[in-house]
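What follows is a short report on a single structure.
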């Protein structure tokens, strides 16, 4: 029986996530693609299905539940994944004939030894095809929290807390934003090449790109698929990085010759950007507790030509004992819930709970409270997250400043381009939510800048 390689890949990656064997889709999908040498078309379809299913999982389960005599929680994991893959295609991939989707669903069941469930899968998919318009019409009038969280495909706890903060209109807008496919941003390594020069080289490869409106060294490209195999990437001309992440290093405003500490630094997007901004002149100590991810910094620095970076494996909560020196600038890019990057990592919303936010806030405060002792007098301490939660952002900073009177909040002003200044709050923080403009907006980062006073 010939089975679609794209759907097989999507099934295996999604099953690993459901079993808790992986945290992030990207690494697992990339590894599968590398191991199986997938064709370009299969690669594109597999990526679409994996991220589409994870992005719309809540909605897909809602649709499936309407035609199943079993509760979603009672359906076998493998069977449920096949149903999600199939219903996603029927809802969003209109170029694939419905009959082909149903047939491929049955093939997946046979291939993965779920033959006894083939009739169950087939029955649900055929019911869905017959009655989908009726279901869509009924769903459009739903206004209770359960229905809305399903329709907007976010966990109920997340939808409820955001609704209490942003209102119904605001939470709908935010969830819609999270379900969009994000722009593909890369950061030009201006140590080796200018932005205009790289854009011209891409043009020669028939890759159209445009300048980032938020970052002076950013480009927006049509796709990231296979881009790490591009000779321009291998030459170290660029790094894959969202515009919001690029702005963090700009806010730090490192200067050539400075000593800089980057805590929680892996996989090295901000580390290499700092090295780029200082022209590779100075010292950057990059600390992370994940040795495997630290090696990614080493690889990126080697590829991009940065010798100013020194890596150290260790816990950010113990940075004072790890590094016996003080720094002009310290960046704490803290571990966080990741609720600001759900467009890019939709799996996060299904892996997180409110308890994670509580636990992370405690960790963030511990790291920040230790990092401050590594800052020189008149030095700068920057705290950043890719979370939109108050507990992880403003509350952490307010607590820190109340307990460390030798630090003051330094308002962010001219460190970032004019277009990005709309994300500066009245308190002086950088926060790209809730100021969503459209899908071209950067991922949601929070940044606070503080100065150590004598």
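Would it be correct to say that residue 260 is in the same structural domain as residue 384 (by TED's automatic domain parsing), buried (at least 23 other Cβ atoms within 10 Å of the Cβ), in contact (Cβ under 8 Å) with a residue 60 or more places away in the chain and in contact with a strand residue (DSSP E or B) (Cβ under 9 Å, 6 or more places away or on another chain)?
Taking the combined requirement at face value, the residue satisfies it.
Quick check on the stretch 428-444: of everything there that is touching a helix residue (DSSP H, G or I) at 6+ places or on another chain (Cβ under 9 Å) and modelled with pLDDT of 95 or more, which residue is farthest from residue 343 (Cα to Cα)?
429
Return the only residue of 412, 397 being in a helix (DSSP H, G or I), in contact with a strand residue (DSSP E or B) (Cβ under 9 Å, 6 or more places away or on another chain) and assigned by TED's automatic domain parsing to the domain that holds residue 341.
Unique residue meeting the criteria: 397.
Out of (1) touching a residue at least 12 places away in the same chain (Cβ under 8 Å); (2) part of a helix (DSSP H, G or I), what's the single condition that is false for residue 287?
Single failed check for residue 287: (2).
Given 80, 29, 93, 125, which one is surrounded by 15 or more Cβ atoms within 10 Å (Cβ to Cβ), farther than 17 Å from residue 350 by Cβ, out of contact with any strand residue (DSSP E or B) (no Cβ under 8 Å at 6 or more places or on another chain) and in the same structural domain as residue 13 (by TED's automatic domain parsing)?
It is 125.
Residues in the stretch 267-280 that are outside any helix (DSSP H, G or I) and crowded, with 23+ Cβ neighbours inside 10 Å: how many?
1
Restricting attention to the stretch 290-311, report how many residues are without any contact (Cβ under 8 Å) to a residue 60 or more places away in the chain and touching a strand residue (DSSP E or B) at 6+ places or on another chain (Cβ under 7 Å).
Residues in the stretch 290-311 being without any contact (Cβ under 8 Å) to a residue 60 or more places away in the chain and touching a strand residue (DSSP E or B) at 6+ places or on another chain (Cβ under 7 Å): 9 in total.
So, of the residues in the stretch 170-198 that are buried (at least 18 other Cβ atoms within 10 Å of the Cβ) and without any contact (Cβ under 8 Å) to a residue 40 or more places away in the chain, which turns out to be nearest to residue 222 (Cα to Cα)?
Only one residue fits best here, namely 195.
Among the residues that make up the stretch 129-148, is at least one of them closer than 25 Å to residue 353 by Cα, surrounded by 15 or more Cβ atoms within 10 Å (Cβ to Cβ), under 23 Å from the mean Cα position of the chain (by Cα) and not assigned by TED's automatic domain parsing to the domain that holds residue 356?
No, the stretch 129-148 has no match at all.
Can you pull out the residues in the stretch 312-330 that are part of a loop (DSSP other than H, G, I, E, B) and either touching a strand residue (DSSP E or B) at 6+ places or on another chain (Cβ under 9 Å) or surrounded by 14 or more Cβ atoms within 10 Å (Cβ to Cβ) (or both)?
314, 315, 323, 325, 326
One residue is enough: does the stretch 422-431 have a residue meeting the conditions over 26 Å from the mean Cα position of the chain (by Cα), loosely packed, with under 15 Cβ neighbours inside 10 Å and free of Cβ contacts under 8 Å to residues at least 12 places away in the same chain?
yes
Answer yes or no as to whether residue 261 is more than 21 Å from residue 240 (Cα to Cα), modelled with pLDDT of 95 or more and in contact with a helix residue (DSSP H, G or I) (Cβ under 6 Å, 6 or more places away or on another chain).
Yes, satisfied.
With the checklist (1) in contact with a helix residue (DSSP H, G or I) (Cβ under 7 Å, 6 or more places away or on another chain); (2) over 18 Å from residue 246 (Cβ atoms); (3) in a helix (DSSP H, G or I); (4) modelled with pLDDT of 95 or more in hand, flag the one item residue 300 doesn't pass.
Of the numbered conditions (1) in contact with a helix residue (DSSP H, G or I) (Cβ under 7 Å, 6 or more places away or on another chain); (2) over 18 Å from residue 246 (Cβ atoms); (3) in a helix (DSSP H, G or I); (4) modelled with pLDDT of 95 or more, the odd one out for residue 300 is (2).
For the stretch 354-393, which residues satisfy the criterion of being farther than 27 Å from residue 285 by Cβ, in contact (Cβ under 8 Å) with a residue 40 or more places away in the chain and out of contact with any helix residue (DSSP H, G or I) (no Cβ under 7 Å at 6 or more places or on another chain)?
If the condition is that a residue be farther than 27 Å from residue 285 by Cβ, in contact (Cβ under 8 Å) with a residue 40 or more places away in the chain and out of contact with any helix residue (DSSP H, G or I) (no Cβ under 7 Å at 6 or more places or on another chain), then 388, 390 are the ones that fit.
How many residues, within the stretch 180-192, are touching a strand residue (DSSP E or B) at 6+ places or on another chain (Cβ under 8 Å) and either farther than 24 Å from residue 154 by Cβ or not in a loop (DSSP other than H, G, I, E, B) (or both)?
Counting residues in the stretch 180-192 that are touching a strand residue (DSSP E or B) at 6+ places or on another chain (Cβ under 8 Å) and either farther than 24 Å from residue 154 by Cβ or not in a loop (DSSP other than H, G, I, E, B) (or both) gives 6.
Looking only at the stretch 208-256, count every residue that is on the phi > 0 side of the Ramachandran plot and modelled with pLDDT of 95 or more and tell me the total.
Selection size over the stretch 208-256: 2.
Go through (1) more than 23 Å from residue 30 (Cα to Cα); (2) in a loop (DSSP other than H, G, I, E, B); (3) out of contact with any strand residue (DSSP E or B) (no Cβ under 9 Å at 6 or more places or on another chain) for residue 236 and report which single condition fails.
So residue 236 meets the others, but not (1).
Going through the stretch 52-77 one residue at a time, which ones are within 26 Å of the chain's Cα centre (by Cα) and over 19 Å from residue 148 (Cα atoms)?
77
Would you check which residues across the stretch 1-31 are more than 16 Å from residue 112 (Cα to Cα) and modelled with pLDDT under 85 and list them?
27, 30, 31, listed by residue number.
The values are calculated or read from the model by the stated rules, or taken from the named source; none is laboratory data. Only a predicted model underlies this, so the values are computations on that prediction, with no experimental measurement involved. All Cβ positions, even for glycine, are placed from backbone atoms using ideal geometry, and neighbour counts span all protein chains on display.
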